[in-house]
Amino acid sequence: MTRVAVVGAGIVGLSTAHALRKAGAEVLVFEPGPPGSGQSAGESRIFRHAHDDVRLASFVSRSRRLWRNWEAEFGVELVSGAGAVAIGDSVEDKLRVLSQLPEIPAEMLAPAQLAARLPILADFRGKAMVDADGGAIRTRAAFSALTGKLKDALVAEHVLAVRHAAAGDVEVRTGTRLDRFDHVVLCAGRGTAGLARGAGLDITVELAAHARVTFRVRADVKAPLPTFQDASGVFAETGVYAAPSADNRRYAVGLSETTEVHQDGSLVDPTSLDVLCARASAYVRQALPGLDPEPLDYVHCWVTRLPWGDDGVGIWSTGKISAVAGHNLFKQAPALGEALAETALSGVVPAVLRPESQLGQS
């Protein structure tokens, strides 16, 4: 039986471990903290198909099918059926890309249709669309289901180094352990590039910090709320995204903008996250009158972008060590886990995910 280590118990790491187990491998998952407490943190995420790169939209479409398979396997809703709404002139470009993939239902929305789908939004008369198979990812349900399947594989250890050993296997050193495996998969978020560098893989990642703020929904909204992206600039911001909680009573709002960090990972301006949170509240006051603009809670996390685009993703591999890096990966997790498991067991990275393919290129 092939023995594989997965470093990182975020959504991609757990997805990889789940896929490896289904393929018959023996798996250990190394994570010093609670699963999903790093870059995967938060109560909800957006599932959307719309991307600049049609190849990525197609890959995400496969991931949507796998999310449905998980729902059947785990017996719980993991992606809401309320759709993903976007506003701004850029929706025409999004629809142009999605028109090349007829399996993805997406269409323009008239102002009345937009108001009916997203009643918490202020009056908006510009361009709007809905991705009908998009929706809010139930992150807590996903982690509960995956950790339930993998609880005997979780190792509460911080990995310090990964390297090829003289015996032909791969050595994993943690704070109190030394283990050897047939293959190691690095899914450690901001820690991936450093661990990969020690193993001979050079991954160029742009590190930044990010904030999301959760607000209470004022009214008793009966229908499930969709996710939301605003690139219009009508409400003073051009890169807003938002998603509802599972109970429809809270809505998390973030700006696509991030804060600059030094090479050592410290913030260039320690007040920058405060500024982003204040701007999110100001946006809510103007654009989302259906929300109480007083913050309920916050998510502060790291962002790891690849040079070729905000939605860039890739898998690097050398010998018996593989690594994944990119941004906005939560929705892709089932398909990425499948691809990483294939890489670990076959030694071959799927062509579209090789770094030279620059999947997710802007």
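Of the set (1) within 19 Å of VAL27 (Cα to Cα); (2) more than 12 Å from the chain's Cα centre (by Cα), all apply to GLU356 but (1). For segment 74-89, indicate whether the set of residues that are out of contact with any helix residue (DSSP H, G or I) (no Cβ under 9 Å at 6 or more places or on another chain), of a type in the set (Ser, Thr, Tyr) and under 23 Å from GLY233 (Cα atoms) is non-empty. No, the conditions are met nowhere in segment 74-89. Can you find a residue that is more than 25 Å from ARG250 (Cβ to Cβ) and either of a type in the set (Val, Ile, Thr) or not in a loop (DSSP other than H, G, I, E, B) (or both) anywhere in segment 141-149? Checking segment 141-149: at least one residue is more than 25 Å from ARG250 (Cβ to Cβ) and either of a type in the set (Val, Ile, Thr) or not in a loop (DSSP other than H, G, I, E, B) (or both). Out of PRO102, PRO34, PRO111, one residue alone is under 23 Å from TYR251 (Cα atoms) and either touching a helix residue (DSSP H, G or I) at 6+ places or on another chain (Cβ under 7 Å) or surrounded by fewer than 14 Cβ atoms within 10 Å (Cβ to Cβ) (or both). It is PRO111.
Condition check ((1) outside the structural domain of PRO289 (by TED's automatic domain parsing); (2) aliphatic (A, V, I, L, M); (3) within 27 Å of PRO35 (Cβ to Cβ); (4) at pLDDT 95 or above) across all residues:
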{"site": "ASP93", "(1), (2), (3), (4)": "no, no, no, yes"}
{"site": "ALA122", "(1), (2), (3), (4)": "no, yes, no, yes"}
{"site": "ALA153", "(1), (2), (3), (4)": "yes, yes, yes, yes"}
{"site": "THR174", "(1), (2), (3), (4)": "yes, no, yes, yes"}
{"site": "HIS183", "(1), (2), (3), (4)": "yes, no, yes, yes"}
{"site": "GLY194", "(1), (2), (3), (4)": "yes, no, yes, yes"}
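The criterion of at least 1 residues that are among the polar types (S, T, N, Q) and under 21 Å from the mean Cα position of the chain (by Cα) is met by the following helices (runs of 4 or more DSSP H) wholly inside segment 1-117: 11-22, 54-74.
The set of residues in segment 134-149 that are buried (at least 21 other Cβ atoms within 10 Å of the Cβ) and out of contact with any strand residue (DSSP E or B) (no Cβ under 8 Å at 6 or more places or on another chain) comprises ALA142, LEU146.
Among the residues of segment 170-193, is there at least one that is under 18 Å from LEU306 (Cα atoms) and in a loop (DSSP other than H, G, I, E, B)? Looking for residues that are under 18 Å from LEU306 (Cα atoms) and in a loop (DSSP other than H, G, I, E, B), one finds at least one in segment 170-193, hence yes.
Restricting to segment 251-274, give me the number of residues that are surrounded by fewer than 19 Cβ atoms within 10 Å (Cβ to Cβ) and either within 26 Å of ARG48 (Cα to Cα) or free of Cβ contacts under 8 Å to residues at least 12 places away in the same chain (or both).
Residues flagged as surrounded by fewer than 19 Cβ atoms within 10 Å (Cβ to Cβ) and either within 26 Å of ARG48 (Cα to Cα) or free of Cβ contacts under 8 Å to residues at least 12 places away in the same chain (or both) within segment 251-274 amount to 12.
Listed by first and then second residue, the pairs with beta-carbon distance under 6 Å, at least 6 apart or on different chains, first residue in segment 137-163 and without any contact (Cβ under 8 Å) to a residue 60 or more places away in the chain, second in a helix (DSSP H, G or I), are ALA161/GLY198.
The values are calculated or read from the model by the stated rules, or taken from the named source; none is laboratory data. This structure is a prediction, so every number in the text was calculated from the model and none was measured. Glycine gets a Cβ as well: all are built from the backbone with ideal geometry, and neighbour counts include every protein chain shown.
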